[in-house]
1. Looking for whichever is over 22 Å from Arg328 (Cα atoms) and modelled with pLDDT under 90 here; the options are Ala248, Ala219, Ala226. Which one fits?
2. Can you tell me which residues in the stretch 215-246 are open to solvent by 50 Å² or more (accessible area, probe 1.4 Å) and either closer than 20 Å to Glu281 by Cβ or of a type in the set (S, T, N, Q) (or both)?
3. Just checking: which of the helices (runs of 4 or more DSSP H) contained wholly in the stretch 61-149 hold 2 or more residues that are more than 29 Å from Asp165 (Cα to Cα), at pLDDT below 95 and open to solvent by 10 Å² or more (accessible area, probe 1.4 Å)?
4. Please give the strands (runs of 3 or more DSSP E) falling wholly within the stretch 247-308 in which 1 or more residues are among the polar types (S, T, N, Q), open to solvent by 40 Å² or more (accessible area, probe 1.4 Å) and without any contact (Cβ under 8 Å) to a residue 24 or more places away in the chain.
5. Between a residue in the stretch 40-62 that is over 9 Å from Lys11 (Cα atoms) and any residue that is in a helix (DSSP H, G or I) and of a type in the set (Gly, Ala, Ser), which pairs come within a Cβ distance under 7 Å, given they are 6 or more apart or on different chains?
6. Within the set of pairs 6 or more residues apart or between chains, which connect a residue that is more than 15 Å from Glu178 (Cα to Cα) inside the stretch 191-202 to a residue that is open to solvent by 10 Å² or more (accessible area, probe 1.4 Å) and among the acidic types (Asp, Glu) with Cβ atoms less than 6 Å apart?
7. Go through (1) more than 21 Å from Phe229 (Cβ to Cβ); (2) touching a Leu at 6+ places or on another chain (Cβ under 6 Å) for Arg324 and report which single condition fails.
8. Look through the stretch 12-47, keep the residues that are in a loop (DSSP other than H, G, I, E, B) and hydrophobic (A, V, I, L, M, F, W, C), and return whichever of them is surrounded by the fewest Cβ atoms within 10 Å (Cβ to Cβ).
Amino acid sequence: MASVEIRNVYKSFGPVEVIHGIDVDIADRELVVLVGPSGCGKSTLLRMIAGLEDITAGEIAIGERVVNRVPAKERNIAMVFQSYALYPHMTVYRNMSFGLRMRKIPKDEQDRRIAWAADILELTDYLKRYPRQLSGGQRQRVAMGRALVREPIAFLFDEPLSNLDAQLRVQMRTEIRELHQRLQTTMIYVTHDQVEAMTLADRIVVMRDGYIEQIGAPAHVYDRPANTFVAGFIGSPQMNLLPGTLGADGGIALEGGVTVRPDGNLPAEPGRAVLYGIRPEDLRLVGEGEGFALTLDVVETTGREIELFGTLGARRLCVLLQARASVRPGETVWVSPDPARAHVFDAETGVRLDAAGPA
């Protein structure tokens, strides 16, 4: 087992710098998820940890060893890719044993490791099958098993579930989390799916354009986003971000003649332009005149939840209801935000200003 330390790491492809001085410390046995939109640099960072990409500047240490110039095969880590990368002419057993055979591991030790991994991944009954005879989830398990039998000090996952359908993704997320709890091994997982990040991670690293925007436990990143990018990226449906102006009385004047008063300490700067953030689930329907009026444009029902969409000023507002409600497009409802769950950001920089939101 090993920690991973990323110290002021840069990466350039020719004249183009794509990773800009990143620092992350990943503790031994921790499951850290690198999350961000496509092109943010998360897979490039993972490949540098794996030794598949050179580091332009900075250091990466695995355990106590700096591995900048250590070949990938000597880093004792295992990587699971987006594509299963299985050999179609080999059985499951042969696919899982391939790396062990290349390292000339004795046959009885190969058998022991494969039997152990197959039991964990529920592949024991499939060892004589070929990849074409397996489902997508089973193929991904084989790819994980091939990494598992190496008994590495760390596992790297590069969007391993993106080729699976929605139901299988949910199932495999649970299996990966259970695998981590069982093995107690350091894991670094890359995804663009914020739901995967929230459900899997001990800590989330949110990236954008080669920079780190925020690092923290999933609940902390969700409840106290550092800026408007994190606020909009983490959470589904997205946080409502409404332009407003600070008032002398501690309120915020929004478009449409609505004033809100979030909890927390706001700068004493009347007239300052801000963005008022409130998650859809932190808005509730109230009696007429208790909050502000919202005329509904769209009502979406998922069965478990109802999403209401209306317009406040020039901005679309989403309200997420956990309970059933008899509302239709065109109707006007009254909505009230929870002041303890509100967020305030500087309109120009996007940086969080307030002390509101859960501690």
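The values are calculated or read from the model by the stated rules, or taken from the named source; none is laboratory data. Quick caveat, the model's predicted, so the values are computed rather than measured. A quick note on method: Cβ atoms are made from the backbone with ideal geometry, for glycine too, and the neighbour counts reach across all protein chains shown. Areas reflect the complete protein model, heavy atoms only, side chains present, ligands, DNA and RNA absent. Shrake-Rupley method; radii C 1.70, N 1.55, O 1.52, S 1.80 Å.
1. Within the list Ala248, Ala219, Ala226, the selection yields Ala248.
2. Residues satisfying the conditions are Ala219, His220, Arg224, Ser236, Gln238, Thr245.
3. Output list reads 92-102, 107-121.
4. Answer list for the stretch 247-308: 258-260, 292-301.
5. Listed by first residue and then by second, the contacts come to Ala50/Ala72; Gly51/Ala72; Leu52/Ala72.
6. Thr191/Glu159
7. Failed condition: (2).
8. Checking each candidate, the answer is Ala27.
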